[in-house]
Amino acid sequence: MSKMNLHKYITALALKRPKDTVLVEADEQGKVRREITYSQLKDSIERVGTWLKKQELNEGDAIALAMPNSVETLLLSWTAWSMGIITVPLDVKGDTKAVHDYKLQAAKVKLVVTKDVLSLDNLPNAEEQDWKQDDTHHALTLFTSGTTAKPKGAVLSLANLVANAQDIKDWFKITALDRFMVVLPLHHINSTSFCMATLLAGASIAVVPKYSNSLFWKQAASVQATFTSIV
């Protein structure tokens, strides 16, 4: 999958399987609140792309994601990567203000996006967009935990993310019949990679707000009985 055009790939999935579910968002109890089909995914990404363009962002600019696990977090990440915009996920629960500010400065962030700022319910209509034709560009800056020094930003290209996801898909034999429930925060590379692997397989992703020992199996049973993996 070298030289991958992510927007073109999603468009192909939307044409092939328009009514199949790609994203499921559930509440803390596991009750499904929203489902998004592959056709709706394409439309949503193009509308998010228009929203990003209206923020006067250009290729190579960085945006910080100060968001909990949500459908919007994934849509914003995939859209930004399709446009050559860099995402910088933040640990909104664990970071102190000093660490938060340090990451923003180190990554040269131009816009901080919160769940209140971006919602599927208030996106603009899609306009013409210049999508990246390959995957060689910087897509993600992921900071380390900073246990021994200040957090260090790992620079990952879209090609890095796709190669890792492709290997995960092949190793776990993920197919379009599978569903992956993501419970790790999406500022982790593990959850990010598994979500991309699931997308590459044309499968579906279930997003719950956070991990819960007491509610885990209830959440899992609610979104689907069979899972690719749980990370």
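The values are calculated or read from the model by the stated rules, or taken from the named source; none is laboratory data. As the structure is a computational prediction, the values presented were derived from the model and not from experiment. All accessible areas refer to the heavy atoms of the entire protein, side chains included, with ligands and DNA or RNA removed. Shrake-Rupley method; radii C 1.70, N 1.55, O 1.52, S 1.80 Å.
Kirkwood Rh, Cα Rg: Rg to Rh for the chain?
With Rg and the Kirkwood Rh in hand, the quotient comes to 0.94.
Taking only protein heavy atoms and a 1.4 Å probe, what accessible area per residue, in Å², does region 1-65 have with all protein chains in place?
51
Quick one: how many Å² of Leu15 are accessible to a 1.4 Å probe, rounded to 10?
Its accessible surface works out to 140 Å², give or take rounding.
When DSSP assigns beta bridges and you keep just the ones with both residues in the chain, what percent turn out antiparallel, to the nearest 5?
Percentage antiparallel, nearest 5: 35.
Probe radius 1.4 Å, ligands and nucleic acids left out: which of His100, His137 has the largest accessible area, and how do the rest follow?
Final ranking, largest accessible area leading: His100, His137.
Whole number please: convex hull volume per residue of the Cα set in region 127-205, in Å³?
136
Test of understanding: in a Gaussian network model of the chain with alpha carbons linked when under 10 Å, which of Pro89, Pro68, Pro18 would top the mean-square fluctuation ranking?
The residue that fluctuates most here is Pro18.
Give me the base-10 log of I(q)/I(0) for region 97-231 at each q in 0.10, 0.19, 0.20 Å⁻¹, Debye formula, one uniform scatterer per Cα, rounded to two decimals.
Results for region 97-231 at q = 0.10, 0.19, 0.20 Å⁻¹ read -0.44, -1.32, -1.34.
Which of the lysines could be linked to Lys152 by a straight reach, that is with a Cα gap under 17 Å, when you skip same-chain ones fewer than 8 residues away?
Candidates past the 8-residue exclusion: Lys97, Lys103, Lys108.
Taking all protein chains in place and a 1.4 Å probe, what share, in percent, of the accessible surface of the chain do carbon and sulfur account for?
51
Ignoring everything but the protein chains, give the 1.4 Å probe accessible area of Lys54 in square angstrom, nearest 10.
Probe radius 1.4 Å; accessible area of Lys54 about 110 Å².
Express the accessible area of region 100-231 per residue in Å², computed with a 1.4 Å probe while the remaining protein chains stay in the model.
Result: 52 Å² per residue.
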